[in-house]
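Readers should treat all values here as calculations from the given coordinates under stated rules, not as data from a laboratory. The model shown is predicted, which means the values in this text are computed figures rather than measured ones. When we count neighbours, we look across all protein chains shown, and the Cβ atoms used for this are built from the backbone with ideal geometry, even at glycine.
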Amino acid sequence: MLDDHSKERLRSIVGPQWFLDEPEDLATYSYDAFLPEFMPETVIVPGSTQEISEIMKLANEKIFSVVPRGAGTNISGTAVARKGGIIMAFHRMNKILEVDTDDMCAVVQPGVVNADLQREVGKYGLMYPPDPASMFVSTIGGNVALNAGGPRGAKYGVTRDYLLGLEAVLPTGEIIRTGGKTLKNVTGYDLTRLFCGSEGTLGIITEIIVRLIPLPPAKATLQAVFSDLDDAAKTVSAIVASGIVPTTLELIDKVVLDLIQDYGGAEFASGAEALLLIEVDGEPSTVKAQAERIEGFCKDRGAIQVDVATDPADAERLWQARRSAFGAVASLRPNCIVEDATVPVRNLPAMIRKIVELSERYRLKIGVLAHAGDGNLHPLIMTDLQDKDEMARVDKALDEMYETALSMGGTLSGEHGIGIAKDRFISKELSPRAIELMKGIKKVFDPNNILNPGSFL
Ligand SMILES: Cc1cc2nc3c(=O)[nH]c(=O)nc-3n(C[C@H](O)[C@H](O)[C@H](O)COP(=O)(O)OP(=O)(O)OC[C@H]3O[C@@H](n4cnc5c(N)ncnc54)[C@H](O)[C@@H]3O)c2cc1C
């Protein structure tokens, strides 16, 4: 519980206009995209690392919790004040501090929106590859804390693969720097990567150095529609086995396709049961040859329609279906639970079949979106959190879904993190000793457990 003296100190550290405690402010920050509701006691918006350091020293002395928060788009419930205390937001710390074209990196503050960074580095012919579907809203700080991935992950990997260095404020208020601008660095433990995916539990990230790569000179986008989900899955395997590494290889199943059509997001050939959205990039001659081979793979495996974009506007049109998917599924029922089970790519067809079976057996409306190129599935459970009977069936389906994913050598989360959404499953994937080690790490960083307490550990 925050006492009056702490509130006064916080107000004077950030300035009164950045200390928010009106009921509507607290309500706004009481949930994230997972939709739990935990009312913070106050919301503060610091403007510098120094201010954050002072706030953390106070929190550590008075023992109140602090939850860092970017855009609040996470779907695991990790940016809410589960134990009261304060929410710390970063929309004042949203500057791109440097684009270094010699060392091919950028230095940014945590509140920079992913798409703004993409746009800025694009002006220099450079690319920041991690592209979560939430990139027009989500922040680089949130992306680092959850190790976000995206459709380009099949070829380019995830946030962790582009992280060179950090500045962070520890829960005790000390400021540390990890890594730097060099591409190689093996001085001591890799603290930079330890922060990545730590769900805001180890420190407040205040500056981020990310690696950039040259923008590929050419790109081709294909959309293939199948009348059989298995044919689409076999095409994914054929593409992966061919040695072509697509930038993007997304799969959408019939449930989601029907909803996209009803929603007015896009239209598909009649009888569409699955769609693949495929992108390749690189040198123009290679891209052309790869696109032709992929078109062949699709047609040979029964695609009923294949569109190949010839210019950027056409490519944007093909992306329209994928981009409208979340809006379409969210429109059906009061709630949509976005899951994140991830399996080795070869198990993708079997995992999708399991999800279809669970949806029938438990009488649930489940659609599937998948970053198929890296085995990352997003089963979308359209439900109503208030319906106790249905939620009991959702829980049983989730238990089975994660047990199946783990039995295939998969993981609970490919990119969304654990948070409170999946903390009950964590011991199914990690051994007691691994969990104990993680708790030990947390204790070293945060002896009083004030930073994002009650998260996945
Ligand atoms: C429609 C939709 C599509 C999505 N698509 C994708 C996708 O394709 N790929 C993907 O990976 N995710 C996706 N997500 C999930 C989400 O957008 C990502 O996890 C994103 O990285 C969260 O960023 P954020 O700025 O919203 O962070 P928040 O949700 O605000 O916070 C996320 C975590 O980061 C911590 N945090 C935030 N800032 C800091 C900081 N400065 N220091 C320390 N910790 C911090 C928070 O405490 C919390 O634990 C999607 C979400 C939605 C709603």
Relative contact order [Cα under 8 Å, 6+ residues apart], the range 96-214, whole percent:
32
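Dividing the alpha-carbon radius of gyration of the range 96-214 by 2.2 N^0.38 Å (N being the number of residues), what value is obtained? Intermediate values should be presented prior to the final figure.
Numbers: Rg = 13.2 Å, N = 119, 2.2 N^0.38 = 13.5 Å.
Here the Cα radius of gyration is 0.98 times the empirical estimate.
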Determine Rg/Rh for the chain; Rg is computed over alpha-carbon atoms and Rh is the Kirkwood hydrodynamic estimate from the same atoms.
0.97
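Going highest first, how would you order 332-343, 381-392, 202-213 by mean Cβ packing within 10 Å? Working shown, then result.
On the way: 332-343: 20.1, 381-392: 14.5, 202-213: 23.2.
Those peptides, ordered most packed to least, come out 202-213, 332-343, 381-392.
Taking 0.36 nm per residue of separation and subtracting the Cα-Cα distance, what length does fully extending N185 through S407 add?
Details: separation 222, 0.36 × 222 = 79.92 nm, distance 3.54 nm.
Using 0.36 nm per residue and subtracting the Cα-Cα distance, I get 76.4 nm.
Taking each pair of different alpha-carbon atoms in the range 218-407 once, compute 1/r for the pair, average those values, and report the inverse of that mean as the Kirkwood hydrodynamic radius in Å to one decimal.
Numbers: mean 1/r = 0.0591 Å⁻¹.
With all distinct Cα pairs of the range 218-407 included, I get 16.9 Å.
What is the chain's relative contact order, in percent, from Cα pairs under 8 angstrom and six or more apart in sequence?
Details: 976 pairs, mean separation 69.3, N = 457.
Reported relative contact order: 15 percent.
How large is the Kirkwood hydrodynamic radius of the range 1-155, in angstrom, based on all distinct alpha carbon pairs? Could the numbers behind the result be given before it?
On the way: mean 1/r = 0.0605 Å⁻¹.
About 16.5 Å for the range 1-155.
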Cα-Cα P(r), the range 314-457, percent of pairs per 5 Å interval:
2, 9, 16, 18, 19, 14, 11, 7, 4, 1, 0
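What is the calculated FRET efficiency for S285 to D307, with r their C-beta to C-beta distance and R₀ = 22 Å, to the nearest 0.05? Let's see the in-between values first.
Details: r = 22 Å, r/R0 = 0.99.
Step by step, r from the Cβ atoms, then E = 0.50.
Cross-link list K234/K365; K7/K443; K219/K288; K57/K442; K7/K57; K234/K254: which exceed 19 angstrom alpha carbon to alpha carbon?
Values: K234/K365 24 Å; K7/K443 26 Å; K219/K288 9 Å; K57/K442 17 Å; K7/K57 14 Å; K234/K254 16 Å.
In this structure, K234/K365; K7/K443 lie more than 19 Å apart at Cα.
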Could you pull out the chymotrypsin sites (Phe, Trp or Tyr not before Pro) across the range 26-113 that fall in loop regions by DSSP (anything but H, G, I, E, B) with no more than 16 other Cβ atoms inside 10 Å?
Y31
So what are the range 134-286's ellipsoid semi-axes, whole angstrom, largest first, if each one is the square root of 5 times an eigenvalue of the alpha-carbon gyration tensor?
38, 19, 13
Divide by every residue of the chain the summed helix terms, -39500 (n - 2.57) for each DSSP H run of at least 4, and state the resulting mean residue ellipticity at 222 nm, rounded to the nearest 500 deg cm²/dmol.
-11000 deg cm²/dmol
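Pull up the DSSP beta bridges for the chain and report the antiparallel fraction as a percent, rounded to 5. Could you put the intermediate results ahead of the total?
On the way: 60 of 68 bridges.
If I count the DSSP bridges inside the chain, around 90 percent turn out antiparallel.
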The range 1-71: translational diffusion in µm²/s, Stokes-Einstein, Kirkwood Rh over Cα pairs, 25 °C, 0.890 mPa s:
193
Taking R0 as 25 Å and r as the Cβ-Cβ distance between A434 and I63, the FRET efficiency 1/(1 + (r/R0)^6), rounded to the nearest 0.05, comes to 0.30
Find which of I213, A145, C196 sits farthest along the positive direction of the dipole of the range 96-214, computed with +1 on the beta-carbon of Lys and Arg, -1 on that of Asp and Glu, about the Cα centre.
I213
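Taking 2.2 N^0.38 Å as the expected size of a compact globular protein, what ratio does the Cα radius of gyration of the range 254-347 give against it, to two decimals? Spell out each step's value before the answer.
Details: Rg = 15.4 Å, N = 94, 2.2 N^0.38 = 12.4 Å.
In units of the 2.2 N^0.38 Å rule of thumb, it is 1.24.
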DSSP loop trypsin sites (Lys or Arg not before Pro) in the range 305-374 with at most 11 other Cβ atoms within 10 Å of their Cβ, which ones?
R363
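Expected output is a single nm value to one decimal: the length gained when fully extending between Q17 and R177, i.e. 0.36 nm times separation in residues minus the C-alpha distance. What is it? If you can, show how the numbers build up before the last one.
Numbers: separation 160, 0.36 × 160 = 57.60 nm, distance 2.95 nm.
So the chain would gain 54.7 nm between Q17 and R177.
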Assuming R0 = 45 Å, can you tell me the calculated FRET efficiency for the pair R293 and A392, based on Cβ-Cβ distance, to the nearest 0.05?
0.40
To the nearest 20 debye, what is the magnitude of the charge dipole of the range 96-214 about its Cα centre, counting +1 on the Cβ of each Lys and Arg and -1 on the Cβ of each Asp and Glu?
340
